[in-house]
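Reading through the structure tokens given below for one structure.
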Ligand SMILES: *Cc1c(COP(=O)(O)O)cnc(C)c1O
């Protein structure tokens with residue numbers, strides 16, 4: 001039996017633990033991780049022997065056992081949630097964490113995290129306070145709202161609004177606005193969860209004022225508008241703006257709007273498609289407006305509810321609020337982000353999401369050319385071809401679906417191996433590089449790559465080129 005001979009060659013766990021390299025590793029690596037890695041490696045070797053793999057392979061594993069364990073430990077010791085470089089050009093990339101925070105935002109977040117804070121304490125009076133009080137003034141200043149409440153995300157915001165104002169009551173909504181957002185957020189399903197009864201009016205492409213008017217009865221509590229942020233119905237269409245629906249409001253029928261993206265400045269002033277702002281929605285008559293914190297607003301994950309004080313007070317008393325409440329990290333990051341909006345110019349300068357949207361083609365081109373030149377100087381292989389191409393970036397996050405921002409991309413073509421393998425290597429680098437493949441080329445859009453990330457990117461590309 002060949003097998004038996006090899007089983008005897010497998011080192012014992014204790015022997016491995018006594019190896020000087022492993023001893024060195026144990027000085028900074030948790031023992032549990034090392035033991036796990038040892039057991040995993042030894043099991044792997046046993047399996048290979050059992051499967052009757054050829055001798056060369058078995059020997060290679062036996063000879064490299066310490067090296068493999070150390071490499072595996074390094075991987076195991078990495079954080080699971082970690083930074084990546086987003087080379088997709090999709091600015092609000094939900095899978096990659098949506099909006100980025102300005103490093104300055106972290107300063108106060110750190111202060112209130114490593115120290116005690118006045119999270120629910122009124123310093124002036126020395127009595128218990130409300131965690132929501134920290135945001136209410138700044139949100140009013142920026143949006144013109146009477147009152148506000150912040151919850152876990154916008155889906156939670158919609159749930160809380162409907163549960164408070166429309167439980168067992170009818171909510172009138174246009175068929176063209178019964179949307180699904182990625183990650184199984186469907187307006188009709190959220191309504192059902194909240195206990196509200198959906199009353200659809202109009203058709204997919206057209207809904208008229210009369211449709212809303214005729215649907216109102218004594219059970220109606222709300223008229224709801226949902227901003228179709230992730231698609232547009234074009235062509236033979238019409239919908240009724242908030243300013244019109246305003247006429248249908250009574251003291252028992254509220255007008256609510258789910259804006260989705262939460263734009264706070266007029267983007268059309270900066271060459272981007274117009275998108276309704278929160279302030280406009282309130283001015284045009286919405287009693288309640290909900291929006292996300294981490295989409296176009298550019299802050300942390302949150303759902304922001306603004307509007308009439310009397311209605312917001314009712315929501316604060318809803319027991320659901322406790323289940324959906326935000327922590328001090330969110331409150332701190334949101335306060336810092338909202339402060340930037342006290343000045344439009346500052347918001348564009350300081351909020352990464354907005355900054356990336358406004359990034360000029362020249363700026364992007366300068367970056368691409370710089371990296372391109374460096375790569376050409378270092379890598380001299382006929383099997384790797386770098387190029388620069390025109391393309392379009394997307395805003396993402398289900399926001400502004402038709403907006404196409406002109407951009408410049410670095411392209412990589414490889415011979416000898418498949419492009420999929422090369423992409424895999426980039427993605428599995430220490431700092432993963434997330435790219436896309438188009439027509440057998442890797443495309444790296446520099447709109448979402450910062451200048452200070454270029455060095456890491458270069459190293460990752462060099463690393464991936466080693467396999468060729
Ligand atoms: C994105 C979006 C939501 C969900 O917001 P989250 O913050 O992701 O929970 C709800 N409604 C609309 C219109 C949206 O665009």
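The values are calculated or read from the model by the stated rules, or taken from the named source; none is laboratory data. Worth saying up front: this structure is predicted, and the values here are computed from it rather than measured. Cβ placement follows ideal geometry from the backbone for every residue including glycine, while neighbour counts extend to all protein chains displayed.
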(message) I'm trying to understand the selection: among the residues of region 122-152, which are crowded, with 22+ Cβ neighbours inside 10 Å and farther than 13 Å from residue 335 by Cβ?
(response) 143, 145, 149, 151
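Kindly check whether there is at least one residue in region 83-93 that is in contact (Cβ under 8 Å) with a residue 12 or more places away in the chain, out of contact with any strand residue (DSSP E or B) (no Cβ under 7 Å at 6 or more places or on another chain) and under 30 Å from residue 348 (Cα atoms). Spell out how you get there, then give the answer.
Taking region 83-93 as the starting set, the residues that turn out to be in contact (Cβ under 8 Å) with a residue 12 or more places away in the chain are 83-93.
This time we only want the ones that are out of contact with any strand residue (DSSP E or B) (no Cβ under 7 Å at 6 or more places or on another chain), so: 83.
From what is left, the residues that are under 30 Å from residue 348 (Cα atoms) are 83.
For region 83-93, residues in contact (Cβ under 8 Å) with a residue 12 or more places away in the chain, out of contact with any strand residue (DSSP E or B) (no Cβ under 7 Å at 6 or more places or on another chain) and under 30 Å from residue 348 (Cα atoms): present.
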(request) Pull up region 75-99, narrow it to residues that are within 16 Å of the ligand (Cβ to nearest atom) and surrounded by 17 or more Cβ atoms within 10 Å (Cβ to Cβ), then point me to the one that is nearest to residue 441 (Cα to Cα). (result) 90
(message) Quick check on this structure: which one of 250, 290, 228 is within 11 Å of the ligand (Cβ to nearest atom), closer than 24 Å to residue 213 by Cα and surrounded by fewer than 22 Cβ atoms within 10 Å (Cβ to Cβ)?
(response) 228
(message) Between 329, 338, which is crowded, with 17+ Cβ neighbours inside 10 Å, on the phi < 0 side of the Ramachandran plot and not in a loop (DSSP other than H, G, I, E, B)?
(response) 338
(request) Kindly indicate which of 198, 255 is at pLDDT below 95, touching a strand residue (DSSP E or B) at 6+ places or on another chain (Cβ under 8 Å) and in a strand (DSSP E or B). (result) 198
(request) Quickly run through region 270-324 and pick out the residues that are without any contact (Cβ under 8 Å) to a residue 12 or more places away in the chain and either in a helix (DSSP H, G or I) or closer than 20 Å to residue 335 by Cβ (or both). (result) 280, 310, 317, 322, 323
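Please pick out the residue among 43, 68, 59 that is more than 30 Å from residue 391 (Cβ to Cβ), touching a helix residue (DSSP H, G or I) at 6+ places or on another chain (Cβ under 8 Å) and in a helix (DSSP H, G or I). Full working, then the answer.
Values: 43 fails: touching a helix residue (DSSP H, G or I) at 6+ places or on another chain (Cβ under 8 Å); 59 fails: touching a helix residue (DSSP H, G or I) at 6+ places or on another chain (Cβ under 8 Å).
Testing whether each residue is more than 30 Å from residue 391 (Cβ to Cβ), touching a helix residue (DSSP H, G or I) at 6+ places or on another chain (Cβ under 8 Å) and in a helix (DSSP H, G or I) leaves just 68.
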(request) Pull up region 301-314, narrow it to residues that are more than 10 Å from the ligand (Cβ to nearest atom) and crowded, with 22+ Cβ neighbours inside 10 Å, then point me to the one that is farthest from residue 140 (Cα to Cα). (result) 312
(request) Return only the number of the condition from (1) within 19 Å of residue 243 (Cα to Cα); (2) within 16 Å of the ligand (Cβ to nearest atom) that residue 274 does not satisfy. (result) (2)
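Of the residues that sit in region 366-403 and are assigned to a helix (DSSP H, G or I) and in contact (Cβ under 8 Å) with a residue 60 or more places away in the chain, which one is farthest from the ligand (Cβ to nearest atom)? Walk me through it before giving the result.
Here is the first cut: in region 366-403, the residues assigned to a helix (DSSP H, G or I) are 366-378.
Filter once more, so that each one left must be in contact (Cβ under 8 Å) with a residue 60 or more places away in the chain: 367-368, 370-371, 374-375, 378.
On the way: 367: 30, 368: 31, 370: 35, 371: 33, 374: 38, 375: 37, 378: 41 Å.
Among residues in region 366-403 that are assigned to a helix (DSSP H, G or I) and in contact (Cβ under 8 Å) with a residue 60 or more places away in the chain, the one farthest from the ligand (Cβ to nearest atom) is 378.
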(request) Output yes when any residue across region 205-222 is modelled with pLDDT of 95 or more, surrounded by 13 or more Cβ atoms within 10 Å (Cβ to Cβ), under 32 Å from the mean Cα position of the chain (by Cα) and within 16 Å of the ligand (Cβ to nearest atom), and no when none is. (result) yes
(request) With the checklist (1) part of a strand (DSSP E or B); (2) surrounded by 21 or more Cβ atoms within 10 Å (Cβ to Cβ); (3) modelled with pLDDT under 95 in hand, flag the one item residue 155 doesn't pass. (result) (1)
(message) Name the single residue that is nearest to the ligand (Cβ to nearest atom) among those in region 156-204 being touching a residue at least 24 places away in the same chain (Cβ under 8 Å) and at positive phi.
(response) 183
